[in-house]
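A.B. asks: Before anything else, here's the structure in question.
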Amino acid sequence: APAATLTGHTANCYCLEFSPSGERFAVGGADALVSLWDVKELACVATFARLEWPVRTLSFSHDSSYIAAGSEDPLIDVAHVATGKQALAVPVKAPSNSIAFHPKRMLLAFAGDDKDKMGRDEGSLRILGFPS
């Protein structure tokens with residue numbers, strides 16, 4: 001079957017992710033938007049516009065209820081999929097290159113362009129959600 005072409009952004013699309021439920025997928029773009037799509041209808045059902053820089057990385061929570069988006073912004077935006085409202089703004093010190101929710105638990109791992117005090121690559125990652 002030929003590939004369907006969908007238009008939902010005003011600039012290039014950089015990342016996409018299917019929800020674990022298989023009902024939705026999200027697309028992040030150079031326009032700093034995250035678009036949420038219905039898989040059956042191939043229709044955009046919501047757009048999240050809280051970030052100011054191109055969206056580099058996306059991840060759905062294991063239960064498909066949250067979506068996290070990372071960019072060059074000083075935060076990772078975590079939104080309720082059902083309402084689009086922000087659930088959490090995770091502060092970061094550098095642009096986010098990769099984020100991933102755990103496949104069975106409410107844990108969010110993320111890594112970016114963090115630098116140490118000398119300006120060298122830090123080579124670190126962080127995981128949000130472990131009990132302190």
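A.B. asks: Within the set of pairs 6+ apart or on separate chains, which have a first residue in segment 60-72 that is small (Gly, Ala, Ser), a second that is open to solvent by 40 Å² or more (accessible area, probe 1.4 Å), and C-beta atoms under 6 Å apart?
C.D. replies: Taking only residues 6 or more apart or on different chains, the pairs are SER64/PRO20; SER64/SER21; GLY70/ARG56; SER71/TRP53; SER71/ARG56.
A.B. asks: Does ALA46 satisfy being small (Gly, Ala, Ser), assigned to a strand (DSSP E or B) and open to solvent by 20 Å² or more (accessible area, probe 1.4 Å)?
C.D. replies: yes
Residues are listed down the side, and each one gets a yes or a no for (1) over 14 Å from the mean Cα position of the chain (by Cα); (2) within 19 Å of TYR14 (Cα to Cα):
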residue: LEU33; (1), (2): no, yes
residue: ALA43; (1), (2): yes, yes
residue: PHE48; (1), (2): no, yes
residue: ASP63; (1), (2): yes, no
residue: VAL81; (1), (2): no, no
residue: MET118; (1), (2): yes, no
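A.B. asks: Now, a different point. Taking ILE127, is it surrounded by fewer than 14 Cβ atoms within 10 Å (Cβ to Cβ) and in a strand (DSSP E or B)?
C.D. replies: Taking the combined requirement at face value, the residue satisfies it.
A.B. asks: Can I ask one more? Scan VAL78, VAL90, VAL34 and give me the residue that is touching a residue at least 24 places away in the same chain (Cβ under 8 Å) and within 24 Å of ALA4 (Cα to Cα).
C.D. replies: Result: VAL34 is the single residue among VAL78, VAL90, VAL34 that is touching a residue at least 24 places away in the same chain (Cβ under 8 Å) and within 24 Å of ALA4 (Cα to Cα).
The values are calculated or read from the model by the stated rules, or taken from the named source; none is laboratory data. All of these numbers come straight from a predicted model, not from anything done at the bench. Neighbour counts are summed over all protein chains in view; Cβ atoms, including those assigned to glycine, are modelled from backbone coordinates with ideal geometry. Calculation scope for accessible area: heavy atoms of the full protein, side chains included, ligands and nucleic acids excluded. Shrake-Rupley method; radii C 1.70, N 1.55, O 1.52, S 1.80 Å.
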